[in-house]
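Note sheet for the following structure.
The values are calculated or read from the model by the stated rules, or taken from the named source; none is laboratory data. What you are looking at is a predicted structure, and each value in this text was computed from that prediction instead of being measured. Cβ atoms come from the backbone with ideal geometry, glycine included; neighbour counts cover every protein chain shown.
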Amino acid sequence: MKIESVDLFYLAMPEVTTEADGSQDALLVRVRSDNYEGWGECEAAPLASIAGYLGPMSHGICRPVCDSVLGSEVNDPKDIRRIGLEIEYNSMDLLQAPHVFSGIEMALWDLLGKQRDQPVWQLIGYHRTYPKLPYASMLFGDTAQETLEKSRAARSLGFQAVKFGWGPFGRGSIEADADQLQAAREGLGPEGLVCIDAGQIWGDDVEAAASRIPALEAIRAHWLEEPFHTGALQSYGALSGRSSKVRLAGGEGAHNFYMACHLIDYGKVDFIQIDCGRIGGIGPAKRVADFAASRGVTYVNHTFTSHLALSASLQPFSGLPEHRICEYPVAPKQLAVDITTNHLRPDNNGEIHLPDAAGLGMGVNIAGLSRYLLDVEIMVQGTMIYKTPSLE
Ligand SMILES: [Mg+2]
């Protein structure tokens, strides 16, 4: 199959706020070939990613991603990897390249799976999938009381694990953070898993992060996520030695395989969290899952948007039974809900299963998306290089 077209759709909620909620907009990708089509979703800022796909070449190794994609043959998983490697070389100076290719790469797996009538998890080498225990992923409330209510609500929905992140956490006093942590634990009850996401708030300040360890230990936090900037490996490594009980998690900021490996080897994280919409797609994420397993580190998806992105992000570790919990966006914006016609809901045991259907197993809700579609045109020297394509 030759890649005939790649269409990028910039979707957004009517109002986009400063809340750390990535489900407020989306860059949806459609790839077509031989009467088949595949769908994917980028995690990064839509307009910058569109420019990365088709902006004019800046120089020989700063070429738009489309140069390495359009017209390429995709008949085998190896072809998807080859296209990814071409982009890594041809667009090595274009930092947006892995972000936009992530959504295209997902769509290529979806396309290939549909053409072969196989689920993606089979194409990447698994013989079966194992259910995952979802943690309800939420932002901290503005107050501890609000966090308590959110945590209780997650418990009443049947969640056995929660994660709270961002919001006021790490911005005020140690006592205020301790109150937030207690609220998260109290709402879920004594049994469940409570994960905490600091959202990089401490930059590279090890002492600021370490001052929260007693409160994290007190609530038996399952992990402390992203205390630092993704690249602050020394800080991660230093903090990892400060508590035998609080384990570190990170990796959503990794936009290539090597960044994730470094976080494991030098940052000493116990959980590596990968977003397929950012790291270059499902193939690089599967490499990370294999590497993590070889190091005794637990692989976890990072997903805060649609169930198309969720299906993609569950594929790389779907065949690894010991890597048991998964991030589950519990309160995404309506746009993210409306992207797909089907959803990956917890079963009666509260577990999530990947579809056995071909490709990513998700239907895209064409009719429901037009109201979110932004009308965009990009002109260079009087020539239109991008115009919002039709969803039909
Ligand atoms: Mg996070």
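Here are some notes:
- Within the stretch 352-389, if we keep just the residues that are closer than 16 Å to D25 by Cβ and among the small types (G, A, S), the residue that is surrounded by the fewest Cβ atoms within 10 Å (Cβ to Cβ) turns out to be S370.
- Conditions (1) touching a residue at least 60 places away in the same chain (Cβ under 8 Å); (2) within 21 Å of K245 (Cβ to Cβ); number of the one not met by M138: (2)
- Entry remark, the stretch 121-149: residues being among the basic types (K, R) and in contact with a helix residue (DSSP H, G or I) (Cβ under 7 Å, 6 or more places away or on another chain) number 1 in total.
Rundown of residues vs (1) of a type in the set (D, E, K, R); (2) at negative phi; (3) in contact with a Pro (Cβ under 8 Å, 6 or more places away or on another chain), yes/no style:
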site: M13; (1), (2), (3): no, yes, no
site: S23; (1), (2), (3): no, yes, yes
site: E43; (1), (2), (3): yes, yes, no
site: G52; (1), (2), (3): no, yes, yes
site: M57; (1), (2), (3): no, yes, yes
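- Lone qualifier among E377, E351, E392, E322 - being without any contact (Cβ under 8 Å) to a residue 40 or more places away in the chain, over 25 Å from L11 (Cα atoms) and of a type in the set (D, E): E322
- Residue within the stretch 22-43 that is crowded, with 18+ Cβ neighbours inside 10 Å, over 25 Å from G363 (Cα atoms) and modelled with pLDDT of 95 or more present: no
- Wholly enclosed strands (runs of 3 or more DSSP E) of the stretch 213-282 bearing at least 2 residues over 30 Å from P77 (Cβ atoms): 223-225
- Restricting the first member to the stretch 1-21 and to residues that are in contact (Cβ under 8 Å) with a residue 40 or more places away in the chain, and the second to residues that are part of a loop (DSSP other than H, G, I, E, B) and among the acidic types (D, E), the beta-carbon pairs closer than 6 Å and six or more apart or on different chains are M1/D34.
- Candidates G165, G192, filtered to the one that is in contact with a Ser or Thr (Cβ under 8 Å, 6 or more places away or on another chain) and either within 16 Å of the ligand (Cβ to nearest atom) or of a type in the set (G, A, S) (or both): G165
- Selection of the stretch 95-120 for residues being within 22 Å of I61 (Cβ to Cβ) and either hydroxyl-bearing (S, T, Y) or surrounded by fewer than 24 Cβ atoms within 10 Å (Cβ to Cβ) (or both) yields L95, Q96, S102.
- Any hit, the stretch 297-318, residues being in a loop (DSSP other than H, G, I, E, B), closer than 21 Å to I196 by Cβ, within 16 Å of the ligand (Cβ to nearest atom) and of a type in the set (A, V, I, L, M): no
- Some residue of the stretch 116-130 being charged (D, E, K, R) and on the phi > 0 side of the Ramachandran plot: yes
- Residue in the stretch 123-162 that is surrounded by the most Cβ atoms within 10 Å (Cβ to Cβ), counting only those that are within 16 Å of the ligand (Cβ to nearest atom) and aliphatic (A, V, I, L, M): V162
- Residue match in the stretch 281-295 (condition: within 14 Å of the ligand (Cβ to nearest atom) and either touching a residue at least 12 places away in the same chain (Cβ under 8 Å) or surrounded by fewer than 19 Cβ atoms within 10 Å (Cβ to Cβ) (or both)): no
- The stretch 252-268, subset within 16 Å of the ligand (Cβ to nearest atom) and within 18 Å of V100 (Cα to Cα), residue nearest to the chain's Cα centre (by Cα): E252
- Residue list for the stretch 220-237, filter: more than 15 Å from the ligand (Cβ to nearest atom) and surrounded by fewer than 19 Cβ atoms within 10 Å (Cβ to Cβ): R220, G231, Q234, G237
- Residue under evaluation I366, criteria (1) more than 16 Å from the ligand (Cβ to nearest atom); (2) in contact (Cβ under 8 Å) with a residue 60 or more places away in the chain; (3) not small (G, A, S), criterion not met: (2)
- With a requirement of 2 or more residues that are among the β-branched types (V, I, T), the helices (runs of 4 or more DSSP H) lying completely within the stretch 1-92 that satisfy it span 77-90.
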